[in-house]
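Chemist: Dumping the structure here so I can ask a few things about it.
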Amino acid sequence: MRRLTPMIVVLLLAAVVQAQDEKSKYKARYDAQASNKKVDPHDLSGIWQLTKNDHSLGTPAPPLTAAGQAAKAGRMPDAGGANGNAPWYACNPMGFPRLVNDDEPMEFIMTPNRILQLFQSEHRIRMLWTDGRPVPSGENLENLGPAWYGHSVAKWNGNTLVVNTVGLDDRAWLDNVGNPKSFHARIEEQWRRVDYNTLELQMTLYDPEYYTAPYVGSKKIYKRTPDEAMTYFGWNGLFAGITESICAPMNEVDGYNKFRDLGRSKPTDR
Amino acid sequence: MNRLLTLVALIAVLSASLLAHHGRGATYDMKKRVTLKGTVSRVEWRNPHVLIYMDVKDADGKVVTWGFENSGVSTLAQEGYNRNTLKVGQPITAIVNPAANGAPTAIVVKIVLADGSEIMSRDNGENPAN
C-alpha cells in the first residue's frame, strides 16, 4: 500500500488538476463558512447532496412476506452495466423514498407551515406539513388514496425533524434493487443538522404487509453545497443551484435512448 | 494529503450528479478509442445527456455524421462549459469510445480544440458520462 499511495496520489491529481480552479475556490470557501457560521438546528435551509452514491436504504432488507415477494416479482435491478426495468427509466416518478436517496442535489426550503424539499432529479417538490395536522390514517387515508410521494407530516422532536409519510403508491420501487412497499406502509425519517455543512438522515420503513420486520435504514450523510453555487451563474453558467433534471419522454425515449439504440446490437439491451 | 483527499471526495460528490442512472452496458466498446477529426454539426445541449454531432470525412472523402454522448447539462455547466462552448462549424478532434456494433455513435473521452487544448475530458473527470 505504501508503494501504491504515491501512484494513487498522482492518478488522483491527474484526474482533478484540470479545470478544478472553481471547485478549489469553493473548497476554500466551504471550509471558511464551516468555521465561521453558527447553525440554528431547526433551520435545514440549503442545497444538500448525499456523500455516498447509494440508491437504497443502505442496509439489507429484512425478509419479505409472501405478499411482499409477490409485489417484488418481475422487478429487475441493473446488472452488469445494463439497466434493469425500474420505472424511472421510462420517465415514471422515482417516488418516495427512492428520490430522497438519489445522488443529485436537494434543497430544503423552510416556510411557516411546511418544509419543502426541492429535488434536482425530476425537478420535484415534496411538502412536509408542520402545521400540526395528523398523519392520515384509517378512512382518511383510504379516501386520500396512494400518491407517488405519499402524504407527509413533520414535527420537531428536540433538534430532530421527524417526518412520517403514508399513502405511498406501491408501483414505485422502494430502492434501486426493486424492493416493494405497500400502500399501508409508513416511513419515518429522522433529519438532524449536525453542523453548518452536515445533515444526517435515518429512515425506517414500517410495512407489515410486505416485510417480516421493520426495515431500519443506515444513517446517511448529506453535505451542504457551498453558498457560491447557489448564486446566479454560480455553477459556471447555471442560473441557480438546483437545476432541472427532468426525465422528459421527448428527450429520454425519442432522443437519448434512440441515440443509444443506434449503437446497440439489441435495441432492448438497456 | 488529508486536504487533497477531502478535495477529491468533494469533487467526486459534486460531479457524481446527473444521470448516474443510465447504464452504458452493451452500447459502447470501452476498450477501443477512435480519433475523429471534423467539424461540429449540431449540439444538443439538454438532459439526460448532452449529444454532440460532428461531420467527419472518411477515407473515401465521404462525410459521415458522428454523434457522441457526454454528461448532463448540470455537470458540464459546473465544469465551466455551456451551450456555446462548441459552435456549429468549429473544427475539433474528438477521442471517443465507439459503439460496439460499428454505428457512428460513441461516448466522449475528450475533445481537442484547434489550439491543442483539451476540453470536456472524461479522462480528467470533467465529463462523467456514465
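Chemist: Step through the table entries A:52/A:72; A:223/B:87; B:87/B:110, compare each Cα-Cα distance with 28 Å, and write down the pairs that go over it.
Modeler: The pairs that break the limit, which is 28 Å between Cα atoms, are A:223/B:87.
Chemist: Let's test the formula: R0 of 51 Å, r as the Cβ-Cβ distance of residue A:171 and residue B:33. What FRET efficiency results, to the nearest 0.05?
Modeler: Numbers: r = 42 Å, r/R0 = 0.82.
After rounding to 0.05, the efficiency reads 0.75.
Chemist: In nm, what is the difference between 0.36 nm times the number of residues separating residue A:194 and residue A:91 and their Cα-Cα distance?
Modeler: Stretched out fully, the residue A:194 to residue A:91 stretch lengthens by 33.6 nm.
Chemist: For residue B:129, enumerate residues with amide H under 5 Å from its amide H, sequence gap 5+ or separate chain, H modeled in the peptide plane.
Modeler: Residues meeting the criterion, in which the H sits 1.01 Å from N, are B:71.
Chemist: Exactly which trypsin sites (Lys or Arg not before Pro) in the range A:98-203 are in a DSSP loop and have at most 16 other Cβ atoms within 10 Å?
Modeler: A:171
Chemist: Same structure again: Run a plain Debye calculation on the range B:43-122 (Cα atoms as equal point scatterers, no solvent) and give log10 I(q)/I(0) at q = 0.25 Å⁻¹, rounded to two decimals, same order as the q list.
Modeler: -1.39
Chemist: Here is a follow-up. Straight-line reach from residue A:219: which aspartates and glutamates have a Cα under 14 Å away, not including same-chain ones fewer than 8 places off?
Modeler: Those aspartates and glutamates meeting the cut-off are A:54, A:188, A:189, A:200.
No lab work stands behind these numbers, since they all come straight from the coordinates. Because the structure is predicted, anything quoted here is derived from the model rather than measured. A quick note on method: Cβ atoms are made from the backbone with ideal geometry, for glycine too, and the neighbour counts reach across all protein chains shown.
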